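The values are calculated or read from the model by the stated rules, or taken from the named source; none is laboratory data. All values reported here derive from a predicted model rather than from experimental measurement. Neighbour counts are summed over all protein chains in view; Cβ atoms, including those assigned to glycine, are modelled from backbone coordinates with ideal geometry. Ligands, DNA and RNA are stripped out before the accessible areas are found, and what is left, the full protein with its side chains, is counted by its heavy atoms. Shrake-Rupley method; radii C 1.70, N 1.55, O 1.52, S 1.80 Å.
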Amino acid sequence: MRRHVWAGLAENPLLPVEAVDRLLAMGEPDLSLELAERTDLTAPQRLVLAERGVAVAGGLVESGQLAVERIDPAQQPVAALALLRAGLAPVEWAHVLVERDELREELAGCRALPREVARRLAGDSDPAVPLALAEETADPEIAALLAAHPSQHIRAELGFNRDVSPTVLADLINDRPPLISCDVCVRHAVPWVHPPDCPDPECTLPGGAACDGSHQYARHTILRTALGNPAAPVAEVMRYLDAPSPFLREQLASRTDLPASAYAVLAAAPEIWVREPLASNPAIGEELLRHLAEDPSVEVRRSAAQHPLLPLDVLGRLCATDWLGSLLLPRIAAATPAELDALAGSANPELRRLTALRRDLPAPVRDRLADDAVAKVAAAVAPHPGLGEGQLRAMLRRHGRAVGAGIAANPDASTALLAELVRADHNVATLRALADHPAADGPTLTACLRDRRARRKAAAHPALPLAQLLPLLDDSDPATVQGAAANPALPVAEMLRLMPPDGVS
């Protein structure tokens, strides 16, 4: 548990600089990641941290704590790589970094590389290196080189790359040049099909893997990635509209550049996982969308509810029969003020609830929903900014614990109102929302300690009384311990007492 204490101290904004040095001296990878998020690091501390790994250096770059003019790629290669990956360093640094074998995989993940460096990485003997290159390259010559790579995995990864040209994607789709081997035939004599009850405990081939000499499973894997790439030529993609494999047709269902006739064919697919992405595809017409909104599958209907152009009358029917979740739907997010007013006045309480999830409602609409007689509607609008103290208290009197969590999540809720929530009848959802509210006071946060998940957040709250904070440093839950150690209310003397002894690593 001491490790979690030290990780929390590394996050604590009031940790003295000398204590930061002691944690830095431990060389712990996890502590390095926490320390890299600090905003008070000295220049020497930043340079030490920057060589602790690409992730650590990347964090420093992201927060603007590594300056390119202070880095020598020969002396600080990890920091240099992080800057290069962020596009902040001269691309010529890649010529220095490519000589570092341990950094080649991360180097290959840079968006811009000199072509001669990229060629060298494409031919690296470690397959992870060209795989990373295939994921990120935007160079058409390098992409064409990787499309001819003998590895099925590298070709498949290239298929995901949104910067690959239509010509290269057409090559992947058409197997140009043909694969000469695959994971199956290099291990087994063909024809071979992976048995569903494979007796080999060392086998790493996926279920369904097969090869009859044509490397069909590997080809299928490459096709799935390339067909789903928006840059793949429509003419090539359309050849798979009637493919026996629903996994290939599933990729077509998400594309927005197919003719209407193709979407009609896909809508008739017997497989739910083909119709589901199609239902939320913004390119399908209203007639087809209405049809899919009546689909026998609840998954397809819920997908239709995510369509940005869904007619509001269809949304009303959907939410009358299906639970559409607690996330703002795209159609409601795009609704006009007049439409919002109509939605808030709907006789369907579920439609009103979905409308209440929007956080930029016009004040009259917001206030109308706050006065709603249905608890789930009021609970959905309760976190909306701009609601007054009187409105929130009225909601609490009207609906009680059903709206407690929503009120506790309201950024404008007062300290007194938050305290009232824990004195009244409440549930654990209310405690979890209260536990990190900036206005929560000591007694309110103390009440939150009863629930484990709420306690994790309350442990880091600066208003938590010291008498309740100190015991949390020995809590059985590591996340609670770390939160308590990160709490800026922790006295400096206590922070120093918790520090690792000199020489501990």
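Close Cβ contacts (under 6 Å, 6 or more residues apart or on different chains) running from residues in segment 428-440 that are polar (S, T, N, Q) and assigned to a helix (DSSP H, G or I) to residues that are at pLDDT 95 or above and surrounded by 19 or more Cβ atoms within 10 Å (Cβ to Cβ) comprise 430/404; 430/405; 430/408; 430/421. Evaluation of residue 390 against the conditions (1) over 25 Å from residue 434 (Cα atoms); (2) free of Cβ contacts under 8 Å to residues at least 12 places away in the same chain shows that the sole unmet condition is (1). Kindly indicate whether residue 135 is assigned to a helix (DSSP H, G or I), out of contact with any strand residue (DSSP E or B) (no Cβ under 6 Å at 6 or more places or on another chain) and within 26 Å of residue 234 (Cβ to Cβ). Taking the combined requirement at face value, the residue satisfies it.
Restricted to segment 51-132, the set of helices (runs of 4 or more DSSP H) holding at least 1 residues that are at pLDDT below 95 and more than 30 Å from residue 148 (Cβ to Cβ) comprises 54-62, 77-85. Scanning segment 43-62 for residues that are exposed (fewer than 14 other Cβ atoms within 10 Å of the Cβ) and either in contact (Cβ under 8 Å) with a residue 24 or more places away in the chain or β-branched (Val, Ile, Thr) (or both) turns up 43, 62. When segment 369-388 is limited to residues that are touching a Lys or Arg at 6+ places or on another chain (Cβ under 9 Å) and in a helix (DSSP H, G or I), the one that is most open to solvent (accessible area, probe 1.4 Å) turns out to be 376. Restricting to segment 80-105, count the residues that are farther than 19 Å from residue 132 by Cα and open to solvent by less than 40 Å² (accessible area, probe 1.4 Å). Qualifying residue count, segment 80-105: 1. Of the residues that make up segment 337-355, is at least one more than 22 Å from residue 409 (Cα to Cα), touching a Pro at 6+ places or on another chain (Cβ under 9 Å) and surrounded by fewer than 16 Cβ atoms within 10 Å (Cβ to Cβ)? Yes. Here the helices (runs of 4 or more DSSP H) wholly within segment 192-253 that include at least 1 residues being touching a strand residue (DSSP E or B) at 6+ places or on another chain (Cβ under 8 Å), open to solvent by 40 Å² or more (accessible area, probe 1.4 Å) and modelled with pLDDT of 95 or more are 216-227.
Residue count for segment 467-505 under the criterion of being more than 32 Å from the chain's Cα centre (by Cα), free of Cβ contacts under 8 Å to residues at least 60 places away in the same chain and surrounded by fewer than 13 Cβ atoms within 10 Å (Cβ to Cβ): the result is 7. Can you find even one residue in segment 440-456 that is more than 32 Å from the chain's Cα centre (by Cα), among the acidic types (Asp, Glu) and open to solvent by less than 40 Å² (accessible area, probe 1.4 Å)? Within segment 440-456 (the criterion being more than 32 Å from the chain's Cα centre (by Cα), among the acidic types (Asp, Glu) and open to solvent by less than 40 Å² (accessible area, probe 1.4 Å)), the answer is no, since none of the residues qualifies. Looking across segment 410-439, the residues that are among the hydrophobic types (A, V, I, L, M, F, W, C) and open to solvent by 50 Å² or more (accessible area, probe 1.4 Å) come down to 416, 428.
Among residues that are crowded, with 20+ Cβ neighbours inside 10 Å, closer than 27 Å to residue 250 by Cα and either in contact with a Lys or Arg (Cβ under 8 Å, 6 or more places away or on another chain) or at pLDDT 95 or above (or both), residue 329 is included. For segment 323-362, the set of residues classified as among the hydrophobic types (A, V, I, L, M, F, W, C) and part of a loop (DSSP other than H, G, I, E, B) consists of 323, 324, 327, 328, 329, 334, 335, 347, 357, 361, listed by residue number. Do we find a residue being free of Cβ contacts under 8 Å to residues at least 24 places away in the same chain and either exposed (fewer than 14 other Cβ atoms within 10 Å of the Cβ) or assigned to a loop (DSSP other than H, G, I, E, B) (or both) anywhere in segment 23-42? No, there is no match, as no residue in segment 23-42 is free of Cβ contacts under 8 Å to residues at least 24 places away in the same chain and either exposed (fewer than 14 other Cβ atoms within 10 Å of the Cβ) or assigned to a loop (DSSP other than H, G, I, E, B) (or both).
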